[in-house]
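Undergrad: Sending over a structure as structure tokens; questions will come in a sec.
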């Protein structure tokens, strides 16, 4: 570390670990005001969960008041549509139906609608069965909550736009750079690791942003923090939950579907349940399901055809005419969760400590919230507007 007049000199002001949608959004938000380097172990950006999801733009319907998942999703929804328009990212404001398929579910649906409205979710409207069938004739719901601000985005195009803005602001991207060591040094951090062609690297940074997604726990531990928490920091141990999709290949069985269709969430069920989504190109998908993985289990993004009947049974609530041959295995993704099997759900984790920013458990609705999360991080590192309550600038 070189110093001049007692002031630490770093290679960059901000080092971001991870080039998924969150790390890229942070780089775009901070670059131009601070010098930024993004370290990514894969050969390109978005190679893990950011490219293995539905691309759904969520509205913020499902989460408790006061949670980051609620406020950042509502804010991020608005920011994402505006960003997409400005940067020519393909986006479709489809709308979504959260459906009750029998009368026993109606009371819970109304409770969900009231809570979402209280949390500031815009463009919500309860519909009876006749109104639902006028929009989606093939969906046999008795009532539904319509979310007008839900939609889908080209997630690769979104990430590409973040990269372009970050690079225009001077950010440097180092792909195939795996972080193996982190220590505090000279008022900042010395980040070490393995580069391409068996090379090694060291990078001195004033601020370190851990946006490593599935690897956030490991990076936090490398930085000297206990994943189970300590006197000055919260617990950030992560658990991995696998989600599979199936694609509907016979569109004649789903003719006319033009919106996202979700079941009513049920207590005790992991995730939101198997739902019906359209992608930016009009493809129709079912999923994801939810399966807990053992600690240290290998992540395999290849599709396997071992849940066809389970998906078919769930899908027939929306599309009764579907048959097994109408489905084929789709993509696979992995959720980094801060709560394990049988534990109550937890919110996103955003904390800062003396130049270190940790972003943990950033699962859905992380993509929707990416710009709002990036705003908070920019505030934490001194490159943006004042942070919200509960997020103080790091010192």
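Taken together, the values in this text are just the output of simple stated rules run on the coordinates, not laboratory data. As the structure is a prediction and not an experimental result, all values here were calculated from the model. Quick reminder, even Gly has a Cβ in these numbers, built from the backbone with ideal geometry, and neighbours come from all protein chains shown.
Undergrad: Using Cα pairs under 8 angstrom and six or more residues apart, how large is the relative contact order of the range 58-196, in percent?
TA: The value is 25 percent.
Undergrad: For the chain, which semi-axes, largest first and in whole Å, follow from the square roots of 5 times the eigenvalues of its Cα gyration tensor?
TA: Ellipsoid semi-axes (Å, largest first): 39, 21, 19.
Undergrad: How large is log10 of I(q)/I(0) for the range 183-260 at q = 0.14, 0.21, 0.22 Å⁻¹ when the intensity is taken from the Debye formula with one equal scatterer per alpha-carbon?
TA: Debye intensities relative to I(0), on a log10 scale: -0.67, -1.08, -1.14.
Undergrad: Sticking with this structure for a sec: Using a Förster radius of 25 Å, what is the FRET efficiency between residue 202 and residue 47 based on their Cβ-Cβ separation? Nearest 0.05, please.
TA: So, using R0 = 25 Å, E works out to roughly 0.55.
Undergrad: Could you tell me the ratio Rg/Rh of the range 1-145? Both radii from Cα atoms, Rh via Kirkwood.
TA: Ratio of gyration radius to Kirkwood radius: 1.14.
Undergrad: At what distance in nm do the modelled label points of residue 183 and residue 167 sit from each other, each positioned 7 Å from its Cα along Cα→Cβ?
TA: 3.5 nm
Undergrad: What ranking do 123, 75, 363 get, fewest neighbouring Cβ atoms within 10 angstrom at the top?
TA: 123, 75, 363
Undergrad: Working from the alpha-carbon coordinates of the range 1-87, get Rg over Rh, Rh being the Kirkwood radius.
TA: With Rh from the inverse mean 1/r over Cα pairs, Rg/Rh is 1.09.
Undergrad: Per q in 0.16, 0.17, 0.22 1/Å, what log10 I(q)/I(0) does a Debye calculation on the alpha-carbon atoms of the range 209-309 return?
TA: Calculated log10 I(q)/I(0) at the listed q: -0.88, -0.94, -1.18.
Undergrad: For the range 242-381, count the residues as N, evaluate 2.2 N^0.38 Å, and divide the Cα radius of gyration by that value, please.
TA: The reported ratio for this selection is 1.22.
Undergrad: Would you mind pulling out the separation of the Cα centroids of the range 316-356 and the range 14-62, in Å?
TA: Centre-to-centre distance over Cα atoms comes out at 18 Å.
Undergrad: For the range 1-136, calculate the relative contact order in percent as a whole number, restricting contacts to Cα pairs under 8 Å that are 6 or more residues apart.
TA: Across the range 1-136, relative contact order equals 16 percent.
Undergrad: Over all directions, the average projected area of the alpha-carbon convex hull for the range 125-268 comes to how many nm²?
TA: With the hull built on Cα positions only, its mean projection is 15.1 nm².
Undergrad: Relative contact order for the chain: what percent, with Cα pairs under 8 Å and sequence separation of 6 or more?
TA: Across the chain, relative contact order equals 23 percent.
Undergrad: Same structure, new question: Could you state the angle between the C-alpha long axis of helix 366-380 and the longest principal axis of the C-alpha atoms of the chain, as a value from 0 to 90 degrees rounded to the nearest 10?
TA: In the chain, helix 366-380 runs at an angle near 30 degrees to the longest axis.
Undergrad: Out of all DSSP beta bridges with both ends in the chain, state the antiparallel percent to the nearest 5.
TA: That works out to approximately 70 percent antiparallel.
Undergrad: Starting from the Cα-Cα distance between residue 107 and residue 33, subtract it from 0.36 nm times their residue separation and give me the gain in nm to one decimal.
TA: Residue separation times 0.36 nm, minus the Cα-Cα distance, leaves 21.7 nm.
Undergrad: Oh, and also: Measure nothing but the geometry: give the 0 to 90° angle between the long axis through the Cα atoms of 106-118 and the longest principal axis through the Cα atoms of the chain, rounded to 10°.
TA: 40 degrees
Undergrad: Follow-up question, since we're still on this one. Could you give the length gained by full extension between residue 194 and residue 300, i.e. 0.36 nm per residue of separation minus their alpha carbon distance, to one decimal place?
TA: Length difference between fully extended and current span is 35.9 nm.
Undergrad: Something else now. Just rank 167, 183, 302, fewest to most, by other beta-carbon atoms within 10 angstrom.
TA: Result, fewest neighbours first: 302, 183, 167.
Undergrad: Compute the acute angle (0 to 90°) between the alpha-carbon long axis of helix 155-168 and the principal axis of greatest extent of the alpha-carbon atoms of the chain; round to the nearest 10°.
TA: 20 degrees
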